[in-house]
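Laboratory data are not the source of any read-out in this text; all were calculated from the coordinates shown. None of the values given here were measured: they were computed from a predicted structure. Glycine also receives a Cβ, built like all others from the backbone with ideal geometry; neighbour counts cover every protein chain displayed.
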Amino acid sequence: MVAILVAGRVVAWIAHGILCLRVMPRLRSKPKLDYHIIRPLLRFGGWMTVSNIIGPCMVYFDRFLISALLSTTAVAYYVTSFEVVTKLLIIPGALSGVLFPAFSATFTQDTRRAASLYYRGVKYIVLLLLPITCVTAVFAKDILSFWLGAAFAEKSFRVMQILVVGILINGVAQVPFALVQGARRPDITAKLHLLELPFYIIIAFLLINRYGIEGAAAAWLLRVTIDVCLLRYISYRLLT
């Protein structure tokens, strides 16, 4: 399985390299080192690295807390619902992947165009995700019962209902996140993640200790809600 995953990454890397050469034929020429761009490149990439490290930590840290405070069996009930509903993020992920270069190209030259792309992106993500998340929330128990049995569903369906609300919110957050990154301000998102991390750990600890895996789901929902509020406020400031 690991070999297949590695092979898939290698194939994707080669495919992207070929496409880059087609789009920018100048890449075929002998590379030259431009010392003037090293510092801004390291600064930009450094802040993005901070976000890419802290983000997964906040995604997976609740599982360690559940295992430590409850049991490894509880982890299974939580992770199953989490892994199912987070697959819905492929929809906003695809849209934000397109919006990021669009924001990069338009933000400094045409702020009104960037704002139009921003609001259209949010609208389409809500239109695509809202019906799916509503159906999933209503029929969470039936879905899990059909897939894993009634006993498993009884202990896990409330987690799915809470998490799927967070998926809708987190999906919307993909657009302001792409805008901030496209506006060449990855330091903002990195600082937000650094600020959120200790509070999230404390809240997750308290809620898991009191409410179990439903508390873990509630802590995650609270975090993504605060995250989208902050990102939307920052996006509004950048666009005005």
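Tabulated data for the structure shown
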{"item": "From phi via Karplus (6.51, -1.76, 1.60), per-residue ³J(HN,Hα) for region 226-240 in Hz, x at Gly/Pro", "result": "4, 4, 5, 5, 5, 5, 5, 5, 5, 4, 4, 5, 5, 8, 10"}
{"item": "Cα shape, the chain, gyration tensor, a/c 1.5 rule", "result": "prolate"}
{"item": "Full-stretch length increase - Tyr233, Leu33 - with 0.36 nm per residue and alpha-carbon distance subtracted", "result": "68.2 nm"}
{"item": "Cα-only Debye scattering, region 49-125: base-10 log of I(q)/I(0) at q = 0.11 Å⁻¹", "result": "-0.48"}
{"item": "Spacing of the two label points (7 Å from each Cα toward its C-beta) at Val59 and Thr108, in nm", "result": "3.0"}
{"item": "Reachable lysines from Lys191, criterion Cα separation under 30 angstrom, eight or more residues apart if same chain", "result": "Lys87, Lys123"}
{"item": "Degrees between helix 72-86 axis and first principal axis of the chain (Cα, 0 to 90, nearest 10)", "result": "50"}
{"item": "Near-label residues of region 166-195 by backbone N, under 19 Å of a point 7 Å along Cα→Cβ of Arg43", "result": "180-192"}
{"item": "Length gained when the stretch Glu83-Ile18 is fully extended (0.36 nm per residue, less Cα-Cα span)", "result": "20.2 nm"}
{"item": "Signed unit charges on C-beta, dipole axis of the chain, positive-most listed residue Thr106, Val79, Val10", "result": "Thr106"}
